[in-house]
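Chemist: Have a look at this one.
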Amino acid sequence: MNQLQFPISKTAVAFLVGIVLGFFCTIPLLLLVPASLLLCWFSVGKFRRTFDTRGTFRSLALYLLALFCGAICTSLYSRNQVSNFQFNKPEYVLIKPFERLRNGSNNKRFYAEVYRTKEKAYLGKAVVYVSEADTAVAIGRIVHTYGRFSKLQPPKNPGAFDYKAYLNRKGISAQIHLNRCAYTTARSTDWSIRTVAESWRNTAEQNLARSQLSANVQAMLMALVLGQQQGMSENITEEYRVAGAVHILSVSGLHIGILVLCMYAFLNKLPNTPAWRFGKLLTLLLILWLFAFLAGFGPSVVRSVFMVSFVLIGKFINRKTNSIHTLIASAVILLAIHPVYLFDVGFQLSYLSLLSILILQPRFSSLFESRFRIVNYFRDLMSVSLAAQLGTAPLTVLYFHQFSFLFLISNLILIPVLGIVMIAATLAVLISLFTVIPDFYAKIVSFLIDGMNSCVDFLSDFRQLVFENISFSGWQCLLTYFLLVFLILYCSTRHYKYLYAVGVVLLSFQLGSLAEKLILSDTHTLTVVYQRSAPILIEQKNDHATVFTAKRSSIESVLNDYVRQAKVRNWSFASSKHYFRVNEKQLVYVDTNFVDESLRNAHIFILNKAARINVQRLIEQYQPECVVACADVPLYLERMWKESCCANRIRFYSVRE
């Protein structure tokens, strides 16, 4: 833990703070650049030698310089994120897909660069949706179309995933749906590194499809070796998630480590002269970056390959490399090139898990020693798993709202098996780059992957050990990490100041929880939740919620999101499905099953598309205070109802909006 006291660690923290400030505060470059140059002069110039003899100001200037550098990197990156789309206005555009996403329920999705056809002006990046059966749109294939771009939609319900903010951080600000008859593709291909990698992956995918492999095994091979999860079954992904082994499906440092160990076992048999050592280094680096190239240069792959490259080069020049400093240096370089990686969940989890392993694993392993190598092997495996989970648990709960205590068992079983599976899978994918996999080898690969999936399927049955729908705020996550850091520092140094810091963090937890309870004690809200089949109204009083809905099936996910976000402790369904009373206001849900007499005392009408009613007559006869249109109401009906309400000065609300 003392390694974190070095200047490189503190400088990296200042650099990260600068990136965060750069994203959330507008700081002009004209101010940052001169300030940075001035700090450089203070740090190394005559001022330091004359006035700063103790080095205090130099350290402060160094940290401020790192902070300003982070803000400058963010500012330069933001300037390159152009968005010149004219929303809801059709125009001729040229679309260049550069990354394929996981398929939706009935469509394919791509990230693409968009240019205006006439002026060749760059408009920005967008999400492109095409039919699942459409094979014309692909990475590197130039698409010409006359289409209308639309804005990204914010989350429709409280607690739902904010896909718009996620895409905005990636520099994507628009979306478009392409029909097959509405576009043409150029005969030529826009060749680039991504295009070449995609063509190789497509070749591998086609040869795997012609081999004697099931669809699930093909998808697992593409995910384990090439990092492509587009074909992964939702059921298999859910089983790995429940078993606490979903990290196996994402190419990361674990997979890179297995690849390096296999290559080392082969290359160590070659001579160890300077020329051979240089050749082995080049071979390792070439294979590693070729692997990253085929995997699409994902953040976790680039981070792992970058760090291993640092270690290999340091070993070649006979210089000891500190793993923590190497990890920090790789993070700083990657963030300087692409600052938005800091907000990528995979990037955060990858670095925190590896940092936790480097800091905590040696301490956990030192707690127990055996004279049997097999016992020590499983001890090390367990300590690595514990360290990684301890470092990533707060973020996992914050982002995914669940925690699986099956991780220890699944890692003890799957990690030893994964080494064999990765070797077999890598060889299978390498063969598929050139030809169809032989039948005998396809059976071996299928046996290994099906066996691993069967283990995960067995472990996923113990759902009692999985805690789901956990309410965990950002401030709680931050305080948890402070608590972990201070506990580790106290255990390492035995300084009581860190124990006092632990007490301050625990007190902050209590004060934060008390503040949330005080806020909830004055809460009384009515929320209309977006649901296409039937509306959901949630009345919340303090920490209790009453749910009004005509259809109680298939709403668990929506309710869980609301309960988690609103800190609701208990909730219940209202007794009636059509008549509700909130704050002395009578609400009536109008569909095919309602009685006209029930409308007389109603203040708010909630109408769905099945409501057989003349809204103009309803307004004139009953004079409601408000009319609410459900999400399933066609747009033409919604417009008619809105015009009628506006003409009679009655409030109109659409759940769709």
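Chemist: Please tell me if Ala501 is of a type in the set (Gly, Ala, Ser), in contact (Cβ under 8 Å) with a residue 24 or more places away in the chain and surrounded by 16 or more Cβ atoms within 10 Å (Cβ to Cβ).
Modeler: Details: of a type in the set (Gly, Ala, Ser): yes; in contact (Cβ under 8 Å) with a residue 24 or more places away in the chain: no; surrounded by 16 or more Cβ atoms within 10 Å (Cβ to Cβ): yes.
Judged against the criteria, Ala501 is not a match.
Chemist: Could you tell me whether any residue of the range 216-226 is surrounded by 13 or more Cβ atoms within 10 Å (Cβ to Cβ), in contact with a helix residue (DSSP H, G or I) (Cβ under 8 Å, 6 or more places away or on another chain), among the small types (Gly, Ala, Ser) and part of a loop (DSSP other than H, G, I, E, B)?
Modeler: Within the range 216-226 (the criterion being surrounded by 13 or more Cβ atoms within 10 Å (Cβ to Cβ), in contact with a helix residue (DSSP H, G or I) (Cβ under 8 Å, 6 or more places away or on another chain), among the small types (Gly, Ala, Ser) and part of a loop (DSSP other than H, G, I, E, B)), the answer is no, since none of the residues qualifies.
Chemist: For the range 624-651, name all the residues that are open to solvent by 40 Å² or more (accessible area, probe 1.4 Å) and touching a residue at least 12 places away in the same chain (Cβ under 8 Å). Can you show your working first?
Modeler: Just the residues of the range 624-651 that are open to solvent by 40 Å² or more (accessible area, probe 1.4 Å), to begin with: 625, 634-636, 639-640, 642-643, 646-649, 651.
Matches in the range 624-651: Glu625, Pro634, Met640, Lys642, Asn648, Arg651.
Chemist: Separate question: Given the criterion charged (D, E, K, R), modelled with pLDDT under 80 and assigned to a strand (DSSP E or B), identify the matching residue among Arg194, Arg187. Break it down stepwise before answering.
Modeler: Numbers: Arg194 fails: assigned to a strand (DSSP E or B).
Of Arg194, Arg187, the one residue that is charged (D, E, K, R), modelled with pLDDT under 80 and assigned to a strand (DSSP E or B) is Arg187.
Chemist: Moving on to the next point. Working carefully through the options Thr203, Thr195, find the one that is open to solvent by 50 Å² or more (accessible area, probe 1.4 Å), in contact (Cβ under 8 Å) with a residue 12 or more places away in the chain and either in contact with a helix residue (DSSP H, G or I) (Cβ under 6 Å, 6 or more places away or on another chain) or not basic (Lys, Arg) (or both).
Modeler: Details: Thr195 fails: open to solvent by 50 Å² or more (accessible area, probe 1.4 Å).
One residue alone meets the criteria, Thr203.
Chemist: Return the residue satisfying two criteria in turn: it lies in the range 80-129 and is within 23 Å of Arg194 (Cβ to Cβ) and among the basic types (Lys, Arg), and of such residues it is surrounded by the fewest Cβ atoms within 10 Å (Cβ to Cβ).
Modeler: Result: Lys120.
Chemist: Could I ask something else about it? In the range 159-184, what residues are open to solvent by less than 90 Å² (accessible area, probe 1.4 Å), more than 14 Å from Lys96 (Cβ to Cβ) and part of a loop (DSSP other than H, G, I, E, B)?
Modeler: Matches in the range 159-184: Gly159, Ala160, Asp162, Lys170, Gly171.
Chemist: Follow-up. Considering only the range 374-389, I want to know if a residue exists there that is in contact (Cβ under 8 Å) with a residue 24 or more places away in the chain, surrounded by fewer than 17 Cβ atoms within 10 Å (Cβ to Cβ) and in contact with a Ser or Thr (Cβ under 8 Å, 6 or more places away or on another chain).
Modeler: So far as the range 374-389 goes, no, none of its residues is in contact (Cβ under 8 Å) with a residue 24 or more places away in the chain, surrounded by fewer than 17 Cβ atoms within 10 Å (Cβ to Cβ) and in contact with a Ser or Thr (Cβ under 8 Å, 6 or more places away or on another chain).
Chemist: Still on this structure, please answer the following. Among Thr237, Thr273, Thr326, which is the only one that is closer than 15 Å to Ser350 by Cβ and of a type in the set (Ser, Thr, Tyr)?
Modeler: Details: Thr237 fails: closer than 15 Å to Ser350 by Cβ; Thr273 fails: closer than 15 Å to Ser350 by Cβ.
Thr326 is the lone residue from the list that is closer than 15 Å to Ser350 by Cβ and of a type in the set (Ser, Thr, Tyr).
Chemist: While we're on this one: Give just the number: which of (1) buried (at least 16 other Cβ atoms within 10 Å of the Cβ); (2) under 29 Å from Ser385 (Cβ atoms) does Leu213 not satisfy?
Modeler: Only one criterion is unmet by Leu213, namely (2).
Chemist: Starting from residues that are of a type in the set (S, T, N, Q) and outside any helix (DSSP H, G or I), keep the ones in the range 286-321 and report whichever is modelled with the highest pLDDT.
Modeler: Step one: filter the range 286-321 for residues of a type in the set (S, T, N, Q), giving 300, 304, 309, 318, 321.
From what's left, outside any helix (DSSP H, G or I): 318, 321.
Working: Asn318: 60, Thr321: 57.
Among them, the one singled out is Asn318.
Chemist: Can I ask one more? Is there a residue being outside any helix (DSSP H, G or I), on the phi < 0 side of the Ramachandran plot and surrounded by 14 or more Cβ atoms within 10 Å (Cβ to Cβ) anywhere in the range 454-465? It would help to see each step written out before you state the result.
Modeler: Filtering the range 454-465 for residues outside any helix (DSSP H, G or I) gives 460-462.
Narrowing further to those that are on the phi < 0 side of the Ramachandran plot: 460-462.
Then keep just the ones that are surrounded by 14 or more Cβ atoms within 10 Å (Cβ to Cβ); that gives 460, 462.
Yes, there is a match, as at least one residue in the range 454-465 is outside any helix (DSSP H, G or I), on the phi < 0 side of the Ramachandran plot and surrounded by 14 or more Cβ atoms within 10 Å (Cβ to Cβ).
Chemist: Check Val436 against each of (1) in a helix (DSSP H, G or I); (2) more than 30 Å from Leu479 (Cα to Cα) and name the one condition it does not meet.
Modeler: (1)
Chemist: When you check Lys108 against the structure, is it assigned to a loop (DSSP other than H, G, I, E, B), on the phi < 0 side of the Ramachandran plot and modelled with pLDDT of 80 or more, yes or no? Walk me through how you get there before you give the answer.
Modeler: Values: assigned to a loop (DSSP other than H, G, I, E, B): no; on the phi < 0 side of the Ramachandran plot: yes; modelled with pLDDT of 80 or more: yes.
Criteria not met by Lys108.
Chemist: Please work out which residue is surrounded by the fewest Cβ atoms within 10 Å (Cβ to Cβ), limiting yourself to the range 241-271 and to residues that are of a type outside the set (A, V, I, L, M, F, W, C) and not in a helix (DSSP H, G or I). Quick ask: steps written out before the conclusion?
Modeler: Taking the range 241-271 as the starting set, the residues that turn out to be of a type outside the set (A, V, I, L, M, F, W, C) are 241, 244, 247, 250, 252-253, 255, 257, 264, 268-269, 271.
From what's left, not in a helix (DSSP H, G or I): 244, 250, 252, 268-269, 271.
Working: Gly244: 26, Ser250: 19, Ser252: 22, Asn268: 9, Lys269: 6, Pro271: 9.
Selected residue: Lys269.
Chemist: Sticking with this one: Any residue in the range 62-77 that is open to solvent by 40 Å² or more (accessible area, probe 1.4 Å) sitting within a Cβ distance under 9 Å of a residue that is among the charged types (D, E, K, R) and assigned to a helix (DSSP H, G or I)? List the pairs, counting only those 6 or more apart or interchain.
Modeler: If the second residue must be among the charged types (D, E, K, R) and assigned to a helix (DSSP H, G or I), the pairs left are Leu62/Lys10; Tyr63/Lys10.
Chemist: Please enumerate the residues belonging to the range 504-535 that are of a type in the set (A, V, I, L, M), in a helix (DSSP H, G or I) and open to solvent by less than 40 Å² (accessible area, probe 1.4 Å).
Modeler: At the first step, the residues of the range 504-535 found to be of a type in the set (A, V, I, L, M) are 504-507, 511, 514-515, 518-520, 526, 528-529, 534.
Subsequent filtering for residues that are in a helix (DSSP H, G or I) retains 504-507, 511, 514-515, 518-520.
Across the range 504-535, the qualifying residues are Val505, Leu520.
Chemist: Does Arg363 count as among the basic types (Lys, Arg), open to solvent by 50 Å² or more (accessible area, probe 1.4 Å) and at pLDDT 80 or above?
Modeler: Working: among the basic types (Lys, Arg): yes; open to solvent by 50 Å² or more (accessible area, probe 1.4 Å): yes; at pLDDT 80 or above: yes.
Yes: the conditions hold for Arg363.
The values are calculated or read from the model by the stated rules, or taken from the named source; none is laboratory data. This is a predicted model, so every value here is computed, not measured. Using ideal geometry, Cβ is built from the backbone for each residue, glycine included, and neighbour counts are taken over all protein chains shown. Quick note on the areas: whole protein, heavy atoms, side chains included, nothing else; ligands and nucleic acids left out. Shrake-Rupley method; radii C 1.70, N 1.55, O 1.52, S 1.80 Å.
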